[in-house]
1. Kindly indicate which of A:G29, A:G50, A:G81 is within 16 Å of the chain's Cα centre (by Cα) and more than 7 Å from chain B (Cβ to nearest Cβ).
2. Restricting attention to the range B:239-263, and to residues there that are within 12 Å of ligand 1 (Cβ to nearest atom) and more than 8 Å from chain A (Cβ to nearest Cβ), which single residue is nearest to B:P209 (Cα to Cα)?
3. Tally the residues that are in a helix (DSSP H, G or I), of a type in the set (A, V, I, L, M, F, W, C) and in contact (Cβ under 8 Å) with a residue 24 or more places away in the chain, restricting the search to the range A:147-161.
4. Only strands (runs of 3 or more DSSP E) wholly contained in the range A:162-266 count here; list those with 3 or more residues that are among the hydroxyl-bearing types (S, T, Y) and farther than 30 Å from A:N284 by Cα.
5. Of the numbered conditions (1) under 22 Å from B:P267 (Cα atoms); (2) more than 10 Å from ligand 1 (Cβ to nearest atom); (3) more than 14 Å from the chain's Cα centre (by Cα), B:A32 fails exactly one; give the number of that condition.
6. Out of contact with any helix residue (DSSP H, G or I) (no Cβ under 8 Å at 6 or more places or on another chain) and part of a strand (DSSP E or B), is that true of B:L76?
7. Is the range B:153-162 home to any residue that is charged (D, E, K, R) and within 17 Å of the chain's Cα centre (by Cα)?
8. Whether any residue in the range B:223-230 is away from chain A (no Cβ under 14 Å), away from ligand 1 (no atom under 12 Å from the Cβ) and hydroxyl-bearing (S, T, Y) is what I want to check.
Amino acid sequence: MPSLSPNLEVNIAGVAMKNPVAAASGTCGYGDVYAEFYHPAELGALVTKGISLEPRLGNPTPRMAETPAGMLNSIGLENVGLKVFLNEKLPPLCDSGVTVVVNFFGNTEDEYAWLAETLSSATGVAGLEANISCPNVKAGGIEFGTRPEVAGKLVERIKAVCGKPLWVKLSPNVTDIAAVAKAVEQAGADAISAINTLKGMAIDLDERKPVLANVTGGLSGPAIKPVALRMVYEIAQAVKVPVVGVGGITTAKDALEFIVAGASAIQVGTASFVNPRAPIQIINGIKNWMRENSLERVQDIIGTLKV
Amino acid sequence: MKPVQAQVIHNYTLAPRIFRMGLLPLEPLPHAVAGQFYMVRVSRGLDPLLRRPLSHFGYCRAPKPKSSRAKGEAALEILYQVKGRGTDLLSRMTPGEHTDLIGPLGQGWQPEPSAERLLLLAGGIGIVPLRGLADQLRVQGDKRPLTLIWGAGTGSEICCREDLEALDLELLPATEDGSFGHPGLATDLLEPILEDIGKTPVAVFACGPWAMLKKIAEVTSQKKIPCQVSLDEFMACGLGACLSCVVRGRARDHEPPQNLRVCKEGPVFRAEEIDWNVR
Ligand SMILES: Cc1cc2nc3c(=O)[nH]c(=O)nc-3n(C[C@H](O)[C@H](O)[C@H](O)COP(=O)(O)OP(=O)(O)OC[C@H]3O[C@@H](n4cnc5c(N)ncnc54)[C@H](O)[C@@H]3O)c2cc1C
Ligand SMILES: Cc1cc2nc3c(=O)[nH]c(=O)nc-3n(C[C@H](O)[C@H](O)[C@H](O)COP(=O)(O)O)c2cc1C
Ligand code: FES
């Protein structure tokens, strides 16, 4: 007999999650924004807005443009910076009882390493997620995440000082994502999150101007789901570490597709903008689907795609 | 708080491309403060994806069931201009159809109890939160004289005049094509009327394009007149999560500049909170 309450627990390289659904970085603030809609502790985990060494104000507006079944953003990684995060944002977030994964990024390898060391020694942090889709200032602004050797070298550097499980979040703007995944796995990444936003553009034809002040931005939402799903599948084939799937997930069915494709957990981003309760509905939907299919443990369906 | 289903009770055009829609929420919503807004879904599917921010225009009564003597239920109203795909879809909805909305959201207008006269300045569709304000004041029994300067492209856009008259306010229209009222901009009328008002304590409330609000902020700051503005920025979430909608706050002494989220810290701000030179 399948139990009435299926077991949704997963463990992502030492980050214990009571269900496989996390809120994605940059779409849930520091855990304070959806408090009126659900208790954060209902989530499997919450991934914070990306943290940098210094506070950042981000790019000029307009920095959001709607596109078919999706949106572009050029927020430019606005965040409160390490100090305010540790002093003001992290304590209430930890008090809420949610499993906290801190997303972070730097302009140089040194910055990444310093952030990893400091953040991983903060109380209440379950794990870190390194956003490597950032320009490497020393290498002329090419993203760390676009070349396997560069990504690997960065992750090695972070790993050496990081005292907590390290998830590395990959950029989809590459020709061979499996190669980047293998490089960061070899460098010591404990898990891989994929994908970040896809680089895109929107134009106002009447004005003959880009809609975004920054000209280009990152595409997210349902429009990117097929690309994200393909990449998660390819990564899961290429590496042994757990994969966290993200990109366009809106329903429990979407989430389960990622899990079957090889994701051990998933993150919900843009869908929460439209329906703030989306993550909770996805958790409930996964539960229902498992009951209907007489499945007891979500772990048992990870990577069960029949190709 | 959660997204709440609402039934369209009316949706008719008041002027070319301007619609007035009544929405009966199927579950109770918190009472709106004028200046607050709703995030309204314009489709059931995934495209267009995002909700549209639309201001609270006022309350109305839903038509009462024929059998009942009771008053109709309390419904809310929005007033919108068809701009693109989302507002076009909204304009095609018919009574009986459902949409869903989140709200009321953000910070509304502050009361300004020490002012004896209130001056409202609207640019185009920026009338919505100001009509909301005038309506709220009158419902609350506030009898202070209200003057509304409303600038628009052309006379037909100065709509719902009966509604405004019922609020016992002085309407000073301005149109860029000169077809109704003052030929020119709403802001042309600001300084003369402030001269006119003289020493009576006045407060200004404004909603419209950035350039207009910037001008109003300059004039009121010189004259040390309290001024609130309602700002418009592109929004994805309306809930403070995405950081799409920020404006630059005016740096306070020795503190680094901060961004303010129009959806959360706004949409209504005190004019002096904003750094009008960053855009
Ligand atoms: C707080 C607030 C209150 C508002 N209240 C009203 C109101 O009461 N009545 C009214 O007619 N309009 C109001 N607006 C503007 C209204 O939200 C836009 O005109 C509307 O979103 C346009 O959607 P669309 O699909 O027709 O246009 P499209 O151009 O197709 O929209 C594409 C995207 O851009 C966004 N967008 C486009 N123009 C604007 C704009 N001016 N402001 C914000 N987002 C925009 C849309 O929300 C959507 O995400 C308000 C805006 C804000 C921020
Ligand atoms: C407004 C916005 C801000 C984001 N900020 C970050 C960020 O700070 N760090 C990061 O790693 N990813 C960030 N992302 C990417 C998301 O976490 C996610 O990878 C991406 O949006 C795809 O998922 P979705 O389609 O479910 O939104 C952001 C996305 C959006 C839409
Ligand atoms: S619209 Fe998302 S933070 Fe304001």
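1. The match here is A:G50.
2. Only one residue fits best here, namely B:V262.
3. So the answer is 4.
4. Passing ranges: none, list empty.
5. Tallying (1) under 22 Å from B:P267 (Cα atoms); (2) more than 10 Å from ligand 1 (Cβ to nearest atom); (3) more than 14 Å from the chain's Cα centre (by Cα), B:A32 fails exactly one: (3).
6. Answer is yes for this residue.
7. yes
8. Taking every residue of the range B:223-230 in turn, none turns out to be away from chain A (no Cβ under 14 Å), away from ligand 1 (no atom under 12 Å from the Cβ) and hydroxyl-bearing (S, T, Y).
The values are calculated or read from the model by the stated rules, or taken from the named source; none is laboratory data. Since we're looking at a predicted model, the values are computed, not measured. Cβ: placed from backbone, ideal geometry, glycine included. Neighbour counts: every protein chain shown.
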